[in-house]
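K.L.:
What follows is a single structure, and I will ask about it in a moment.
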Amino acid sequence: MVDQEEADGRFATPDAKAANHKGRTFFADMHRKELKDDDQWMAKQVYLNVGNFLLGVAAMGLDAVPIEGVDFAILDEEFDLKAQGYTSLVVVPVGHHSVEDFNATLPKSRLPQSTTITEI
């Protein structure tokens with residue numbers, strides 16, 4: 001990843017690249033070697049990125065929704081993910097809703113921010 005970021009011009013200096021790599025290695029090693037929770041930590045990283053992905057596709061005018069409850073063992077087998085060193089965690093279908101989708105035009109219902117956000 002760091003090499004790709006370097007190719008994309010993300011680092012002003014070699015020291016900046018080294019510092020970035022050092023920071024990532026610190027957190028990865030902390031979860032892998034000290035806390036021994038790297039699977040859970042990486043799953044949380046995926047969910048953080050899913051949130052950004054959902055915002056990005058919405059900005060492109062696309063519909064998307066994360067889905068759990070999928071039989072991930074079957075999904076992993078179908079795409080031979082284990083052989084590639086991967087495992088599935090979430091499914092996000094992306095596309096355009098049908099013009100006949102009655103739900104797409106209904107107002108969204110959300111709890112008020114005052115009941116879901118605590119300011120500290």
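Read the figures in this text as sums done on the coordinates, not as results from a lab. From a predicted model like this one, the values you see are computed outputs, not experimental measurements. Positions of Cβ are backbone-derived with ideal geometry, glycine not excepted, and every protein chain shown enters the neighbour counts.
K.L.:
Just for helices (runs of 4 or more DSSP H) wholly inside the stretch 1-103: which have at least 2 residues that are over 17 Å from the mean Cα position of the chain (by Cα)? First the steps, then the outcome.
P.N.:
Numbers: elements: 2-7, 14-29, 38-59, 72-78.
So the answer is 2-7, 14-29, 72-78.
K.L.:
Being of a type in the set (S, T, N, Q) and not in a loop (DSSP other than H, G, I, E, B) is the filter; apply it to the stretch 104-120 and report the residue that is farthest from residue 43 (Cα to Cα).
P.N.:
Start the filter on the stretch 104-120 by keeping residues that are of a type in the set (S, T, N, Q), which leaves 105, 109, 113-116, 118.
If we keep only those that are not in a loop (DSSP other than H, G, I, E, B) as well, we get 105, 113-116.
Values: 105: 33, 113: 27, 114: 29, 115: 27, 116: 24 Å.
Looking at residues that are of a type in the set (S, T, N, Q) and not in a loop (DSSP other than H, G, I, E, B), I get 105.
K.L.:
Next up: For the stretch 51-64, which positions are in contact with a strand residue (DSSP E or B) (Cβ under 9 Å, 6 or more places away or on another chain) and within 14 Å of residue 91 (Cα to Cα)?
P.N.:
Within the stretch 51-64, 53, 54, 63, 64 qualify.
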